[in-house]
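Structure, as structure tokens:
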Amino acid sequence: MFWLWTAMAMGAVAFSVLLVLAILAISGYPALGILHRWIIGAAGNRFNLAASMADACPLLLTGLAAGVAFRSGVLNIGAQGQFLLGALVSVALTTRVIFPGPFWCVIVGAMAAACIAGGMWALLASVLERYRGVPVVLSTILLNFVALYLVRAALHGPLQAADTSAPQSPQLKIIYWLPILITNTDFHLGIPLAFAVAVAMAVVLGRTNFGFELLITGLNPRVARLVGMPVVRRQFAIMFLSGCCAGLGGAVQVLGVTHFMLGNFGNYGYTGIAVALLGRLNPIGIAIAAVFFGMLDTGSRFVEESSLALPHQMANVVKGVIILAMLVASAWMMRRGSRVRSPEAGVNQNPADPQQVQS
Amino acid sequence: MLSIENVSKAFGGVQALNNVSLAVAPGSVQGILGENGAGKTTLMNILFGLIRPDRGQIRLNGQAVVVRSPRVAQRLGIGMVHQHFKLSPALSVTDNLALAVGRNFVLLHRAAFRDRIAALARSLHWAVDPDSVVGQLNVGQQQRVEIIKALLGGGKILILDEPTAVLTPQEVDELIPAVRSLARTGITVIFISHKLSEVNRMCDRIAVLRRGELVFAGPMGELSAEDIAQRMLGAPSALSSLGASSASPGLVRLHLSRVCCTLPGTRKYKPLLNNIELSVRAGEIVGIAGVEGNGQTTLIDVIMGSLPISSGVITLDGSDLSHLANFRRARQFACIPEDRQGQGLVLSLSLTANLMLRSYRNPEFTRLGLRHVTAWRAQATKLVRSFDIRCAGVEVPIQFLSGGNQQKALIARELYGNPPVILAINPTRGLDIGATAFVLQQLTAARQRGAAVLLIHSDLDELLAISDRVMVMYAGQLLPTKWPVVDRAAIGRMMMGITPQAA
Amino acid sequence: MNIIGESLGTFLARQTVQAATPLIMAGLGELLAEVTGVINIGIEGLMLMGCIAGYAAAGISGSGGVGLGAAILVGMGTAAVFAGVTVWAAADQIVAGAAVNILAVGASGLAWFFYQNAREAAHRSVSLGRHVGFQSEAIPGLSRIPFFGPMLFDQYMLFYAAIILAVLIWLLLHHTRTGAILRALGDAPEACQAAGISVRTWRTGAVLFAGACAGAAGAYLSIMRTHAFASDMTGGQGFVVLSLVIFGRWTIPGLIAGCLLFGGINSLQQTLQTTRYTSHSTLMHALQYIPFEFFQMLPYVVALLALATLSRSSPGPRYLGQAWRQ
């Protein structure tokens, strides 16, 4: 199963890269040269590799956010909004309301606060579903936009930098930047932190009773209730955990990479959904997928800055095609799997009596 | 004249139908009897073009026909009413019927079409309003709409696939004359059932299937009921071997005292549960009979704590349960829920995960706070063996198990570790005879071990076979009976709300 | 901003309808698709594809009509990919929609790059000529009615098309057998299948129609209301459409009301931004103290509130978002 999935992912990646290169070749661009530059840009040397990792970092965290929720059957599309709020809170805490203490206290505090902010924002969708019957998939889409304009209002208002009229925060003081671990590269502390979160998630979700309860609660709350799981708490926990990951992603992006915040702060939340899917909703798989997406982004920016000047958006074509190809392939695989196991599924609901049951 | 000639069909090695031949006269009601998996549904699906037979053919008025699809079946005048209705709840009756039997796409001759429906309903003396929204009709009325649909499509042969399974006894009583009146208009009705009594009241002729073979076909009344049952089952009913307990019951475990329940915000309506007095002692099975929808599910819900009670006290071993959080309360009971797939199992997860849903908290199944994978697998394997669950392996998603094996897995999980109090609601629904006997045996075995069992069951025969005491639920009230002193007819009357004199 | 010659109210009314037009157009398609049980959160991407296709085709051909046609075709083509993945391969609609959005950002960026290069190589201007694209078309007579004239009868051609389409779809949904089929597809696909109606084919049709509508709405943004292209020019309007379909409880009058409300808030907000220091109206003056982001946020908050207060009465098509496996 694992290898089949890996092969499928590889196939989808190859298919989408070839498709984009074919389009470029047909349009008269040197496809092989672009591919070469793309690979060099993504992982050709330690600087580029570190940049890819830095690009992967927010995607890993938003991917985990989507993965945690989707795995439990909760359609949290809201990682984008949770990510933005996390970023906003960390900016606010490091530029405006700096609580006393040494710099690392401020950094840890900002990240913790970002987690909580993301978590609470996600929780809002859970509360709306539980008490008002609003489907999470709809409320999170809407809350993304509420968060976006909240962020823009803040960046136009109390958090606006003094020397600009754009919605933009001042730059963080250098002491609040996440330390760079490999000199002269973009490899900041947030990267190992994100991977540590992925490992922790893998253990908690996959191997603990708490993770088991999250899974059951998400997949079938009525069963969870029957066997005595604290369903409401766990449902809230799923969303809170999911929002925490996304919020942390926002903080790490601000503290580690951008060091200030703009009104237009990327689409990491939406891309995280794709990362989660490519990683098969498994934290370790998500980490691999995020690194791959980070490489796509970094590599495509390298191509854009090179003499070829192709727009870096072509990375998005690759991403989109990968996801669509993966969706088709996994749907096909699932159907094949179920057909192998139950030949008369859908025709004969009670296949046989105990003597003749399929083995 | 419809004749089925030497039809055979196999599914991956399992012979679902073996050389079945049957002739059905026009204007008659033909009953087809057989237990689950006997091949009734397969036969009908072949008639309706959902399945192609491996061998054999179908003749209509002497002419051989190939029913390639349901559409062809409809063109040939064969209509089918499935157990699960193919209706859109959001649409009106007229829209539903237009959708199914209309021809044009743009113009809907609404008034004329509506009149046709009304006229047909009138001719059958059925009260069906063409303008009402289907989702607001009761199940019996929806079934009428389905029948009208088949007739409007030009149906001359009507297949009713276990039509009574979804109906209350009152609705069954209304369906029978309705079907008879259909037959009088020249429609051939094929009635599929595994309930002998209904076939008895409705059909002119019967055919009995067992394991894919036709074991009897002839006019109703040629065989006695016992003979038919004998042929249907092949072996004497397993029910007779399960007697009531001889052991004397012990202390009161579960006790409900003056329990009332009203839906929140609907105080003005009559309560869902009214002044329930109930106690279940260790080592006894208390059976609750009743027509569905009289408060049985509510009773389970208030005991488990998923619905709040408006007054009264529920105690377990003498202590009030209202102090416990709902999830802790649910852990006090083993529960075999009515909706096995929706409430009992997580279909996409493995058999192991489903078997461990109760005991995963047990310290022996964790190690250093993490799941003890080998202990889980060992436990699952043990349960599979001791409850005879047929599966390809413990890691197979449970959705790929048959209904009977899913129920075995559910019971294995709930009854493992000798739970002191067991709640079960319709635990044998949809199971064949063998699996039914297994489930009932497990419940009596649990009683023998000293468990207090509350069994809510709509099948009166099974209920009476294993219960030590029987109560009847009617309109939210619980009425005691003097079973086994009174007869089942008296209990049946109480279920219908006829106040008992003798009971 | 030219407000001379018409009152602020009339100006706002016309701006409202202008802002609402693409939402109505895309919303009609999305509504139909959702009624049949397919939710496409990639509507934003479809609009973006419509923007670039309309702009590039209009630029190359020199004809706005060709641009609109190309936008519709490209919208349908992208929707066909979505339909293939969700309807035929039965994959998750939400994830596929998210993928379409990402794909559209990339594809439109690439297409824009190709277009610019091609124009420069041919020594032609990248921007559209003066008369390429659409102008608003006043209906003689009717447009002279005070207030309502400029609001309803001095609009771009797509507005008239959207209104006619809205009436037609409403009639179709509620008074024809096709409408019964469409509604049943999202409510009880098994009933359709039993009636010999191919659920997948019909749903594909609805998704393609939604793609055409979204493509046209995209073209409206790039060759009607403005004559320009920018890579972020849809600015979340596709998501607005999604929320407005929900806000309107999957009804056409509700959808249009929602679109006008959103358009109204949006044009008021834009007017406030541009007239920040020139307006003499006390109300406008007072409103200026509210950060305009809150106006931008308002439609989403209103949609959320609408869901939270009304959701139990009409939860939408029962099979919304669920694939149909035959």
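The values are calculated or read from the model by the stated rules, or taken from the named source; none is laboratory data. Remember, it's a predicted structure, so these values are computed and weren't measured experimentally. With ideal geometry, Cβ positions are generated from the backbone for all residues, glycine too; neighbour counts draw on all protein chains shown. Quick note on the areas: whole protein, heavy atoms, side chains included, nothing else; ligands and nucleic acids left out. Shrake-Rupley method; radii C 1.70, N 1.55, O 1.52, S 1.80 Å.
Every residue, every condition in (1) within 20 Å of C:Ala184 (Cα to Cα); (2) loosely packed, with under 14 Cβ neighbours inside 10 Å, yes or no:
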{"residue": "B:Gln83", "(1), (2)": "yes, no"}
{"residue": "B:Leu87", "(1), (2)": "yes, no"}
{"residue": "B:Val93", "(1), (2)": "yes, no"}
{"residue": "B:Asn96", "(1), (2)": "yes, no"}
{"residue": "B:Phe113", "(1), (2)": "yes, no"}
{"residue": "B:Ala118", "(1), (2)": "no, no"}
{"residue": "B:Ser123", "(1), (2)": "no, yes"}
{"residue": "B:Trp126", "(1), (2)": "no, no"}
{"residue": "B:Asp131", "(1), (2)": "yes, yes"}
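Within the stretch B:390-409, the residues that satisfy the criterion of being closer than 10 Å to B:Leu351 by Cα and within 22 Å of the chain's Cα centre (by Cα) are B:Ile398, B:Gln399, B:Phe400, B:Leu401, B:Gln406, B:Ala409. Within the stretch A:92-100, at least one residue is among the hydrophobic types (A, V, I, L, M, F, W, C), closer than 19 Å to A:Pro179 by Cβ and surrounded by 20 or more Cβ atoms within 10 Å (Cβ to Cβ). Here is the figure for the stretch B:22-50: residues that are without any contact (Cβ under 8 Å) to a residue 60 or more places away in the chain and more than 11 Å from chain A (Cβ to nearest Cβ) total 2.
Reported count of residues in the stretch C:145-166, each being under 18 Å from C:Arg225 (Cβ atoms), in a helix (DSSP H, G or I) and either at pLDDT below 80 or aromatic (Phe, Trp, Tyr) (or both), is 5. Against the test of being within 13 Å of another protein chain (Cβ to nearest Cβ), over 30 Å from B:Leu347 (Cβ atoms) and either touching a Leu at 6+ places or on another chain (Cβ under 6 Å) or at pLDDT below 95 (or both), the options A:Gly81, A:Gly41, A:Gly109, A:Gly73 yield a single qualifying residue, A:Gly81. Taken together, the criteria exclude C:Gly196 from residues that are in contact (Cβ under 8 Å) with a residue 60 or more places away in the chain and within 10 Å of chain B (Cβ to nearest Cβ). If the condition is being under 20 Å from the mean Cα position of the chain (by Cα), modelled with pLDDT of 90 or more, within 24 Å of B:Val302 (Cα to Cα) and assigned to a helix (DSSP H, G or I), then the stretch B:417-468 contributes only B:Leu443.
Within the stretch A:252-292, the set of residues being more than 12 Å from chain C (Cβ to nearest Cβ) and β-branched (Val, Ile, Thr) comprises A:Val252, A:Val254, A:Val257, A:Thr258, A:Ile284, A:Ile286, A:Ile288, A:Val291. Among residues of the stretch C:75-95 being more than 9 Å from every other protein chain (Cβ to nearest Cβ) and over 19 Å from A:Ala315 (Cβ atoms), the one that is surrounded by the most Cβ atoms within 10 Å (Cβ to Cβ) is C:Gly75. Checked against (1) closer than 16 Å to C:Arg203 by Cβ; (2) buried (at least 24 other Cβ atoms within 10 Å of the Cβ), C:Ala98 passes all but a single condition, namely (1). Can you name the helices (runs of 4 or more DSSP H) wholly within the stretch C:3-86 that have at least 2 residues being at positive phi and in contact with a Phe, Trp or Tyr (Cβ under 6 Å, 6 or more places away or on another chain)? Helices (runs of 4 or more DSSP H) meeting the threshold: none at all.
Name the residue that is surrounded by the fewest Cβ atoms within 10 Å (Cβ to Cβ), counting only residues in the stretch A:216-233 that are within 18 Å of B:Ser359 (Cα to Cα) and more than 8 Å from every other protein chain (Cβ to nearest Cβ).
If we filter the stretch A:216-233 for residues that are within 18 Å of B:Ser359 (Cα to Cα), which is where we start, we get A:216-217, A:220-231.
Restricting the remaining residues to those that are more than 8 Å from every other protein chain (Cβ to nearest Cβ) gives A:217, A:221, A:224.
Numbers: A:Thr217: 25, A:Pro221: 17, A:Ala224: 24.
Ranking the candidates gives A:Pro221 first.
The criterion of being part of a loop (DSSP other than H, G, I, E, B), away from chain C (no Cβ under 14 Å) and open to solvent by 30 Å² or more (accessible area, probe 1.4 Å) holds for B:Pro53. Just a yes or no: is a residue in the stretch C:242-255 of a type in the set (D, E, K, R) and crowded, with 21+ Cβ neighbours inside 10 Å? Among the residues of the stretch C:242-255, not one is of a type in the set (D, E, K, R) and crowded, with 21+ Cβ neighbours inside 10 Å, which makes the answer no. Number of residues in the stretch B:57-74 that are within 14 Å of chain C (Cβ to nearest Cβ), open to solvent by 70 Å² or more (accessible area, probe 1.4 Å) and within 20 Å of B:Ser8 (Cα to Cα) equals 1.
Scanning the stretch A:293-308 for residues that are under 14 Å from A:Ala54 (Cα atoms) and of a type in the set (D, E, K, R), we see that the one that is farthest from the other protein chains (Cβ to nearest Cβ) is A:Arg301.
The residue of the stretch A:124-146 that is farthest from C:Ala303 (Cα to Cα), among those that are modelled with pLDDT of 90 or more, more than 9 Å from chain C (Cβ to nearest Cβ) and surrounded by 22 or more Cβ atoms within 10 Å (Cβ to Cβ), is A:Ser126. Would you check if A:Ala153 is without any contact (Cβ under 8 Å) to a residue 60 or more places away in the chain, of a type in the set (A, V, I, L, M), assigned to a helix (DSSP H, G or I) and in contact with an Asp or Glu (Cβ under 7 Å, 6 or more places away or on another chain)? Yes. If you go through the stretch B:180-195 and keep only what is open to solvent by 40 Å² or more (accessible area, probe 1.4 Å) and more than 19 Å from B:Gly155 (Cα to Cα), you end up with B:His194, B:Lys195. Apart from one condition, B:Arg71 fits all of (1) under 28 Å from B:Glu198 (Cβ atoms); (2) assigned to a helix (DSSP H, G or I); the exception is (1). What are the pairs with Cβ atoms under 8 angstrom where one residue, in the stretch A:221-236, is touching a residue at least 24 places away in the same chain (Cβ under 8 Å) and the other, located anywhere, is outside any helix (DSSP H, G or I)? Sequence gap at least six, or different chains. From residues that are touching a residue at least 24 places away in the same chain (Cβ under 8 Å), the pairs are A:Gln235/A:Val74. Among the numbered conditions (1) open to solvent by 40 Å² or more (accessible area, probe 1.4 Å); (2) part of a loop (DSSP other than H, G, I, E, B), the only one that B:Leu223 does not meet is (1). From the list C:Ala111, C:Ala180, the one residue that fits, being within 14 Å of another protein chain (Cβ to nearest Cβ), assigned to a helix (DSSP H, G or I) and touching a residue at least 24 places away in the same chain (Cβ under 8 Å), is C:Ala111. Say whether the condition of being under 15 Å from the mean Cα position of the chain (by Cα), open to solvent by 40 Å² or more (accessible area, probe 1.4 Å) and hydrophobic (A, V, I, L, M, F, W, C) is met by at least one residue in the stretch C:168-182. Looking through the stretch C:168-182, none of the residues is under 15 Å from the mean Cα position of the chain (by Cα), open to solvent by 40 Å² or more (accessible area, probe 1.4 Å) and hydrophobic (A, V, I, L, M, F, W, C). Listed conditions (1) free of Cβ contacts under 8 Å to residues at least 40 places away in the same chain; (2) touching a Lys or Arg at 6+ places or on another chain (Cβ under 9 Å); (3) more than 9 Å from chain C (Cβ to nearest Cβ) are all met by B:Gly154, apart from (1). Annotation note: Cβ proximity below 6 Å between a residue of the stretch B:400-414 that is at the interface with chain A (Cβ under 10 Å from one of its Cβ atoms) and a residue that is among the aromatic types (Phe, Trp, Tyr) (sequence gap 6+ or interchain) occurs for B:Lys408/B:Phe387.
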